[in-house]
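Step one of this worksheet: look at the structure below.
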Amino acid sequence: MGAVDFQQLEEKFHLTLNELEKTVLTIPAFDLLKIENMKHLIDTYGSLIKARERSAAAAFFISWYAGICGAMQYMLYRGDELLLDLSLSNLSVQLYAGDSYPLFSFQVHEARFIEVPIMDHDDGYKKSLESFYREQVTPVILMLSQLAHIHVVPLWGQIVNVLYAQMEEAVAEASDEDSRTRIIYYYKLLTHDVDASAFGLRKNPFDINPTFIEHPHIPDQKMLVKPACCLAYCLDSEFGYCYACPRLKEKDRAKMRANGRFE
């Protein structure tokens, strides 16, 4: 523990030290706090995914940005003594052409680090999380909300969707009980110990009461209802609502199971 695993950060969380090929648009992340730059990014991305509403492109983008939040959690439960600097000033957003649809990657300008106090890791991690969300994530959420005329809560919900899924995946892949305990412990540090003010809200958006539904493919297994709709139904396609969308009723899910459609 202690050394940052750049390969995992790239494979799991869309972070890279490199400039990518086939980029459609590259913008320094800090510049997205100017509305004209955020508008350029969201409208360019929205046209590529054929979003009928800007709010849908905003929701999809913030779900990509959630990878940076996931990278922070990954470094915490690994017990890294040096946290990679994931501040907006140290990142560029790269929108590039994938094989089937446009993708995002976040280029790290400089491999610089924030040292966590050895004597009290947990307190240091908590302060790092509060600073990270207050200074790096909340301003992006607020700018997206202003631009796309969408409330901040469903935007936060996209990040909650991603981080909860990543936490469950990490627990499932963990090789031993101690690792699983650490992953859950540091997720709870985020959900229960980080003050709501870091998110600009009255309540920590990660502190949810999860609702579970019947898994469409695996008998006797449950899956989480998404905390917020991803707005995929606003794309210019026949995608419709996701099976785990909070807007659906159980009768709708039963019909989807019967028809074998689980977008």
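Summary table below
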| item | result |
| --- | --- |
| Where Trp64 falls short, out of the listed (1) touching a helix residue (DSSP H, G or I) at 6+ places or on another chain (Cβ under 8 Å); (2) not in a loop (DSSP other than H, G, I, E, B); (3) not acidic (Asp, Glu) | (1) |
| The stretch 192-245: number of residues that are in contact (Cβ under 8 Å) with a residue 24 or more places away in the chain and on the phi > 0 side of the Ramachandran plot | 2 |
| Residue under evaluation Phe13, criteria (1) surrounded by 14 or more Cβ atoms within 10 Å (Cβ to Cβ); (2) in contact with a Ser or Thr (Cβ under 9 Å, 6 or more places away or on another chain); (3) not aliphatic (A, V, I, L, M), criterion not met | (2) |
| Selected residue (only one of Val116, Val137 is within 17 Å of the chain's Cα centre (by Cα), among the aliphatic types (A, V, I, L, M) and surrounded by 20 or more Cβ atoms within 10 Å (Cβ to Cβ)) | Val137 |
| Filter result for Leu144 (crowded, with 20+ Cβ neighbours inside 10 Å, within 26 Å of Asp85 (Cα to Cα) and within 14 Å of the chain's Cα centre (by Cα)) | no |
| Subset of the stretch 170-192 (residues that are surrounded by 13 or more Cβ atoms within 10 Å (Cβ to Cβ), over 19 Å from the mean Cα position of the chain (by Cα) and in a helix (DSSP H, G or I)) | Ser179, Arg180, Thr181, Arg182 |
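A quick yes/no check of all residues on (1) in contact with a His (Cβ under 8 Å, 6 or more places away or on another chain); (2) crowded, with 22+ Cβ neighbours inside 10 Å; (3) under 30 Å from Lys188 (Cβ atoms); (4) not assigned by the TED database to the domain that holds Tyr164:
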{"site": "Thr23", "(1), (2), (3), (4)": "no, no, no, no"}
{"site": "Pro28", "(1), (2), (3), (4)": "no, no, no, no"}
{"site": "Ile35", "(1), (2), (3), (4)": "no, no, no, no"}
{"site": "Ser47", "(1), (2), (3), (4)": "no, no, no, no"}
{"site": "Lys50", "(1), (2), (3), (4)": "no, no, no, no"}
{"site": "Phe60", "(1), (2), (3), (4)": "no, yes, yes, no"}
{"site": "Met72", "(1), (2), (3), (4)": "no, yes, yes, no"}
{"site": "Gly79", "(1), (2), (3), (4)": "yes, no, yes, no"}
{"site": "Asn90", "(1), (2), (3), (4)": "yes, no, yes, no"}
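The values are calculated or read from the model by the stated rules, or taken from the named source; none is laboratory data. Here the structure is a predicted model, which is why all the values come from computation and not from measurement. Every residue, glycine as well, gets a Cβ built from its backbone with ideal geometry; the counts of neighbours run over all protein chains shown.
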